[in-house]
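Written below as structure tokens is the structure these notes are about.
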There are 2 protein chains.
Amino acid sequence: MGIAAGIFTATSMLPQVIKTLKEKEAEDVSPVMLIVLITGIALWVFYGILRNDIPIMATNGFSLILNLFMLYLRWKYRKS
Amino acid sequence: MGIAAGIFTATSMLPQVIKTLKEKEAEDVSPVMLIVLITGIALWVFYGILRNDIPIMATNGFSLILNLFMLYLRWKYRKS
């Protein structure tokens, strides 16, 4: 159950990344949301390292990369 | 550390909700992202109930309500 929950929450940003890459529009996506989320996920990765918990490290590590890429897309497709 | 991480990830959708309420635009937000995320968070709530873990229940319960509201906003401000 925990693993299934982790997979869903870790991969949830994937459809957003795909949509943004297709449409080259991300103006309605909140950059503050992404920054708060990235901060939280980075803390989860640290927590996983401290507890030596591989599943927490792996799912959040994946999620961290995905969300950093989404933040880059949000910046790339901003309207000045 | 786990509590801080949980607070950041649970509240991250709040700036998105505020931005959407202000601008009445959410076309660039992926509804698939929201549905996958809501599924994952609902599984975390179940996991918290099964493990009788109050922090997991509380943070994910809050997050579930917030994301369901965001999904409603995404539907409300869709362009037909």
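The values are calculated or read from the model by the stated rules, or taken from the named source; none is laboratory data. This one's a predicted model, so the numbers in the text were calculated from it and none came from an experiment. Note that we place each Cβ from the backbone using ideal geometry, even for glycine, and neighbour counts take in every protein chain shown. To get the accessible areas, we keep the full protein, side chains included, count just its heavy atoms, and leave off ligands, DNA and RNA. Shrake-Rupley method; radii C 1.70, N 1.55, O 1.52, S 1.80 Å.
List of remarks:
- In the complete set of protein chains, residue-level accessible area for A:Phe62 is approximately 90 Å², probe 1.4 angstrom.
- Within the listed set A:Val17, A:Val45, A:Val32, the Gaussian network model of chain A (springs between alpha-carbon atoms below 10 Å) gives the highest mean-square fluctuation for A:Val32.
- Inter-copy separations for A:Ile7, label at 7 Å along Cα-Cβ, nm, ascending: 3.3
- Taking 7 Å steps out from each Cα toward its Cβ at B:Leu50 and A:Arg51 produces label points 1.6 nm apart.
- Each residue, A:Thr39 and B:Lys79, gets one label point 7 Å from its Cα in the Cβ direction; the gap between the two is 3.3 nm.
- Calculated label separations, B:Ile18, copies of the chain, 7 Å along the beta-carbon direction, nm: 3.2
- Between segment B:46-62 and segment B:1-17, the alpha-carbon center distance in angstrom: 15 Å
- Helix runs (DSSP H) in chain B reaching 27 Å along axis by Cα, Kyte-Doolittle at least 0.0: B:31-50, B:54-76
- A DSSP coil position with no more than 15 other Cβ atoms inside 10 Å describes the following GluC sites (Glu not before Pro) in segment A:1-52: A:Glu25, A:Glu27.
- For trypsin sites (Lys or Arg not before Pro), the sites in segment B:1-30 that DSSP calls loop and that have at most 14 other Cβ atoms within 10 Å are B:Lys24.
- Gyration tensor verdict on chain B (Cα atoms; rounded if a/c is under 1.5, prolate if a/b is larger than b/c, oblate otherwise): prolate
- Flagged links, alpha-carbon separation over 18 Å, of A:Lys19/B:Lys79; A:Lys22/B:Lys24; A:Lys22/A:Lys76: A:Lys22/B:Lys24
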